[in-house]
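Worksheet: the structure to be examined is printed underneath.
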4 protein chains.
Amino acid sequence: MCRWLAYSGSPLLLEDLLFKPENSLVVQSKHSRLGVEAINGDGFGVGWYGAQDTPGIYHSIEPAWNDRNLRELSAHAAAGRVFAHIRDTTGSPVQQTNCHPFRHGRWLWMHNGAITDFPTVMRDLTLAVEPALFPGIEGSTDSELFFYLALTIGLEEDPPGAVARAVGLIEEAGQRHGVQHPIQMTVATTDGETTWAFRYSSVGESRSLFHSTNVSTLRAQHPDNPVLHDLSDDTRVVVSEPLGDLVGAWREVPESTCVIIRGGSEELRDFAPRAG
Amino acid sequence: MCRWLAYSGSPLLLEDLLFKPENSLVVQSKHSRLGVEAINGDGFGVGWYGAQDTPGIYHSIEPAWNDRNLRELSAHAAAGRVFAHIRDTTGSPVQQTNCHPFRHGRWLWMHNGAITDFPTVMRDLTLAVEPALFPGIEGSTDSELFFYLALTIGLEEDPPGAVARAVGLIEEAGQRHGVQHPIQMTVATTDGETTWAFRYSSVGESRSLFHSTNVSTLRAQHPDNPVLHDLSDDTRVVVSEPLGDLVGAWREVPESTCVIIRGGSEELRDFAPRAG
Amino acid sequence: MCRWLAYSGSPLLLEDLLFKPENSLVVQSKHSRLGVEAINGDGFGVGWYGAQDTPGIYHSIEPAWNDRNLRELSAHAAAGRVFAHIRDTTGSPVQQTNCHPFRHGRWLWMHNGAITDFPTVMRDLTLAVEPALFPGIEGSTDSELFFYLALTIGLEEDPPGAVARAVGLIEEAGQRHGVQHPIQMTVATTDGETTWAFRYSSVGESRSLFHSTNVSTLRAQHPDNPVLHDLSDDTRVVVSEPLGDLVGAWREVPESTCVIIRGGSEELRDFAPRAG
Amino acid sequence: MCRWLAYSGSPLLLEDLLFKPENSLVVQSKHSRLGVEAINGDGFGVGWYGAQDTPGIYHSIEPAWNDRNLRELSAHAAAGRVFAHIRDTTGSPVQQTNCHPFRHGRWLWMHNGAITDFPTVMRDLTLAVEPALFPGIEGSTDSELFFYLALTIGLEEDPPGAVARAVGLIEEAGQRHGVQHPIQMTVATTDGETTWAFRYSSVGESRSLFHSTNVSTLRAQHPDNPVLHDLSDDTRVVVSEPLGDLVGAWREVPESTCVIIRGGSEELRDFAPRAG
């Protein structure tokens, strides 16, 4: 099990997201409250959109709470769109190329959950990746392969449609090999402008997912954090688990739902896998 | 807070100690039961006496549960005397030179606990180290400095006496600087033949410490572990917390006590700091 | 470009191979004499056959000359068959899963050279791997994929034949995609009893490869190394470049040749790719 | 031997300094032209003054040429004052706390060279550090201790005077212990506004040091690097070895000299150690 966070809004220092909140992602890396496993010590990643066309990525195989470079980077890099992820591996090696978020051009992707019995379906899914995209796969996770399936199917043109068909493809591959519940997922992807987040699982009991409703709620939740008082009204956060305890500040994303964050608006749509 | 284990007895593979027991040290690195902190993910170390005069040491800054090289080494290195330690830092950097056990010639040393307000007393204690020994200090922990104080005072000739005087020196330094309870410790040291373990704290509420009484108890505790059935009767383990749940298998070491393991015998002595 | 060493003979400490010779592999990691590139700082690996059925493996992403754990392991682990490899990547990430030697059951495999334009032919070659073996691929190198192709074709039954057909398959794939000289290689593989080493390249100008002729020559080469005086007469070393300067101590393996080391005998056979 | 670079001037991306020049610091890490040793693979560090009061620091123990996070950071972080350093250790462990530049408040410090026979004089020099500063020492290098000596003596008030007295102190300690030539150094330090660089050695044959004279020269040197065309006229670089080959672009700093870079002006002063 992993934990992740997708931020969009006023530019802020990464440390204001990763270290300062009461239940920040780095705190969650040692003491997750809602996770199946309380510890997420198998790698950390953050992607941020700064001054360049493509986002920057920092991937670390040290536990997030120990990483001195992460602390330095977080104190100096500011961004208006941030993806961050802490990993708890279910088997694939702990190495930088297996850390989320994954990047392709301007796109980022991160995943909490798993493709069930991945060794069983891995080859079929690998063959389904567009040959021209294939050499871009750097690591050995189910999550990165899932990203490349979605890219193959058209993620950059129609994210909800491509994810729906990629999940359909994964479920078909699973069923072909006798896997009972082929996928468990919360996923976030962005092109740097819009964020799409998905909550779904074949078994119908998906990993937790929340979004902040509006920034005034968030401000109320962190009265002692001066940074948040400067946030613009279009600031939104989607997270595996809330960054703090304030009642009413977070809204759970329902099962089988796609959340679309664009500017200050959020749209919730039903999500269902689609046959290839 | 850290966790440690000191083994002496029949030669066995390191993995039989580090990975196979129900509550093995590697399991404790993620889910310590008795520790102040359940996670010990800030470095790992093992020292083992093999075919050479001086023990081998493996120090890692990855969490123990992720370390592929540790798993390989443990599956291939056998030893009749093993010290192993998982670290949860209270401040000093996570780096190999801060991992326990520390080594000096044939001697190993490891420590759970802390010298209170270490930055305050660090300089005084550093000055107390024998100048000829001084350049041997490689890291920045209180624990290694404690080792060098004991070496300065005569650890190699009279371990219980040297540790008592080193603790006395640490308490005097603390009192000089207004530190209330200057030291918290369980410590183990060995020359490869005898193991000395200490449980003490200035406040009188020391970290937990246990020793296995005799090997037949240990065999009963691990009925499914065939390796333990081949252990000689002089096998003994001293640990921060028991490696399993069997009632009666482990005996708690009392407060302010020194345990001496030599062959199959254990001797318990009262331990008290001694003025320098 | 990489450098490697395959040792068989009297059990010795790894350090006698890796650190002590005048031009040892660790020396070569900083100052290779014959390599295209003098530095091989992109990962290190050693595989050794100890007391277990399967060999142990140590993979490191630090430069070999800095690795304290490697030095400790080498001072304490003894083996009668050792594979060691220093890596100079041509592109794939520096991570433990990309370090040689690769292991499958009792077998080890290491490679110096490259599959030319690997991204172009990678997908075709991946599809050629036996589906049941496919999930065993952990890294992203051409060298590991080459190993899995050979395993697919029957490495464990007929090593020279399987390597010949794997090379044939790689050359066919290259030609299909317009790659001019599809492969450059020296390869070593072993089941722990026999070592097979190959020198071949499509262009006909292969990486250097040498074998020691007999142990009395090796003894003469290292008069100051007492360990070598205890070596049995069946001791043999196959290397990318000689471990020392003594004239006559090393014999170059000719182009397009397979060397088979079994006990104290070496057999040289012509090697040519075979169509799939 | 190490290599370093001190940049001040127009804000630019770190990659324009660290990766893009023909003989960039990352190139020098594998192929230094003027160094005693061509390889500097024992750690890398960069300090940069961004939006915060104190500079950011990135320290890595991987060779600079392999570090994916360094490449990402360099592509996204811009600064008008940058210190960068590649390390070739002469003995102290390769760990982040031994990487340059070292930081104290707003100050950075980096050093190429060595305190001769450091283990011999280390204790004396350690005792000379101001007790209140002492706990700030994190690593075990001669270079960081040198920094703390200078801080003790008044680096923040009078940099040339404090460095002169710190060198005096080091030479006295060396002479007391019979060390022939106690120090070899090029050093750079900055408060974020002014850079002071020093070239000195007890033996009178110091490590190389160069400064760029004016930015139009630098522009001429890198005609293909569009970034440099936007540099302001006050841009200056001080380096262990030139970043490129253009005749006339670099001026060697004479022996026993202190260079002061403030805005677009450079001042050269004689430098000599001063007795404590």
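Regarding B:A188, is this residue closer than 30 Å to D:L125 by Cα and among the small types (G, A, S)? Taking the combined requirement at face value, the residue does not satisfy it.
Scan region B:148-159 for residues that are open to solvent by less than 20 Å² (accessible area, probe 1.4 Å), part of a helix (DSSP H, G or I) and more than 14 Å from every other protein chain (Cβ to nearest Cβ) and jot them down. Listed by number, the residues that qualify are B:L149, B:A150, B:L151, B:P159.
Checking each residue in region B:255-269 for being closer than 13 Å to B:V215 by Cβ and free of Cβ contacts under 8 Å to residues at least 40 places away in the same chain picks out B:G263, B:S265. Of the residues making up region C:133-147, not one is more than 18 Å from A:E138 (Cβ to Cβ), surrounded by 22 or more Cβ atoms within 10 Å (Cβ to Cβ) and within 12 Å of chain A (Cβ to nearest Cβ).
For C:I115, the conditions (1) modelled with pLDDT of 95 or more; (2) within 23 Å of C:L14 (Cβ to Cβ) are fulfilled apart from (2).
Here B:R165 meets the list (1) outside any helix (DSSP H, G or I); (2) in contact with a helix residue (DSSP H, G or I) (Cβ under 8 Å, 6 or more places away or on another chain); (3) surrounded by fewer than 23 Cβ atoms within 10 Å (Cβ to Cβ) almost entirely, failing just condition (1).
To keep it simple, each residue is scored yes or no on (1) at negative phi; (2) out of contact with any helix residue (DSSP H, G or I) (no Cβ under 6 Å at 6 or more places or on another chain); (3) of a type in the set (V, I, T).
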| residue | (1), (2), (3) |
| --- | --- |
| B:N98 | yes, yes, no |
| B:L127 | yes, yes, no |
| B:P135 | yes, no, no |
| B:T141 | yes, no, yes |
| B:L151 | yes, yes, no |
| B:G154 | no, no, no |
| B:E171 | yes, yes, no |
| B:G178 | no, yes, no |
| B:P182 | yes, no, no |
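Considering every residue within region D:179-193, establish whether at least one is aliphatic (A, V, I, L, M), at pLDDT 95 or above and more than 14 Å from D:I115 (Cβ to Cβ). Scanning region D:179-193 turns up at least one residue that is aliphatic (A, V, I, L, M), at pLDDT 95 or above and more than 14 Å from D:I115 (Cβ to Cβ). Taking every residue in region C:113-129 that is over 11 Å from A:P131 (Cβ atoms) and pairing it with any residue that is open to solvent by less than 40 Å² (accessible area, probe 1.4 Å) and in a loop (DSSP other than H, G, I, E, B), at least 6 positions away or on another chain, the pairs with Cβ-Cβ distances below 6 Å are C:T116/C:V179; C:T116/C:P182; C:D117/C:V179. Note on region B:41-77: among residues that are out of contact with any helix residue (DSSP H, G or I) (no Cβ under 8 Å at 6 or more places or on another chain) and assigned to a helix (DSSP H, G or I), the one that is nearest to B:S92 (Cα to Cα) is B:N66. The residues in region B:168-195 that are closer than 17 Å to B:F146 by Cα, open to solvent by 20 Å² or more (accessible area, probe 1.4 Å) and not in a loop (DSSP other than H, G, I, E, B) can be counted, and the count is 5. Looking only at residues of region C:60-118 that are within 10 Å of chain B (Cβ to nearest Cβ), touching a His at 6+ places or on another chain (Cβ under 9 Å) and open to solvent by 30 Å² or more (accessible area, probe 1.4 Å), we find that the one that is farthest from C:R262 (Cα to Cα) is C:R68.
The values are calculated or read from the model by the stated rules, or taken from the named source; none is laboratory data. Nothing here was measured: the structure is a model prediction, and the numbers come from that model. Ideal geometry is used to build each Cβ from the backbone, glycine not excepted, and the neighbour counts take in all protein chains shown. Accessible surface is based on the protein model in full, side chains and every heavy atom, while ligands, DNA and RNA are left aside. Shrake-Rupley method; radii C 1.70, N 1.55, O 1.52, S 1.80 Å.
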